[in-house]
Amino acid sequence: MARLVQVSHLPFLHMAIDKKNPLLIIEDSDEDFEILQILMEDMNVTHPIYRCKTGDTALDFMSKCKAASATESTLLPSIILLDLNLPGVDGREVLERVKQDEQLRTIPVVVFTTSSDQTDIKYCYQQGANGYLIKPVSIELLERKVQAFVDYWLGENASIDWNGINILVP
């Protein structure tokens with residue numbers, strides 16, 4: 001079962017929970033996050049899950065994560081699931097900053113949003129998003145999208161453990 005850590009309540013330097021790199025979910029909606037969490041638990045996701053409710057919190061979290069990873073066993077996220085419509089710094093700016101940062105740019109970012117606007121989709125891919133999923137209204141469709149995300153990004157897709165420089169093959 002995935003272990004959830006609410007970033008706003010995180011005693012930061014004691015983050016290494018598991019040998020698996022964490023999944024960072026940046027989502028302001030408690031309802032959307034709760035559904036994601038339930039679905040991922042049902043899908044036996046074992047990666048630790050960190051959650052940030054705002055873009056500001058996410059950027060601060062990743063900044064501290066970078067600083068701590070040099071001296072601690074803190075793990076950078078292995079993937080970021082990013083909502084676009086966030087209070088304060090929005091998801092577009094978070095995406096820009098992550099992809100412009102030398103230490104963070106290799107972390108896959110999958111946008112998970114209600115926006116089906118072609119301008120948003122094009123912009124996100126131009127900024128380096130690795131995927132763009134539109135949140136469906138139907139719980140059945142949502143479950144299928146989350147399952148596809150889990151299967152590809154947390155299961156079948158080989159990834160790099162940048163902290164230990166090991167290739168992780170599921």
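Remark on Y50: its backbone amide H falls under 5 Å from those of V5, L23, L24, I25, a criterion applied only to residues 5 or more positions apart or on other chains, H modelled at 1.01 Å from N.
To the nearest 10, the accessible area of L141 is 80 Å² with a 1.4 Å probe.
Extending 7 Å from the Cα toward the beta-carbon at both I134 and E96 defines two label points whose distance is 2.5 nm. In this structure the stretch 43-129 gives 42 Å² per residue of accessible area when probed at 1.4 Å with all protein chains present. Each label was represented as a point 7 Å from its Cα along the Cα-to-Cβ direction; for T106 and R144 these points are 3.5 nm apart. The listed residues Y152, Y123, once ranked by accessible area (1.4 Å probe) with the largest placed first, stand as Y152, Y123. Taking a ≥ b ≥ c as the square roots of the eigenvalues of the Cα gyration tensor, the stretch 28-87 is oblate, since a/c reaches 1.5 or more and a/b is not larger than b/c. Stretched out straight at 0.36 nm per residue, the stretch from I38 to D151 would grow longer than its current Cα-Cα span by 39.1 nm.
The values are calculated or read from the model by the stated rules, or taken from the named source; none is laboratory data. Because the structure is predicted, anything quoted here is derived from the model rather than measured. Glycine also receives a Cβ, built like all others from the backbone with ideal geometry; neighbour counts cover every protein chain displayed. We work out accessible area using only protein heavy atoms, side chains counted, and drop any ligands, DNA or RNA first. Shrake-Rupley method; radii C 1.70, N 1.55, O 1.52, S 1.80 Å.
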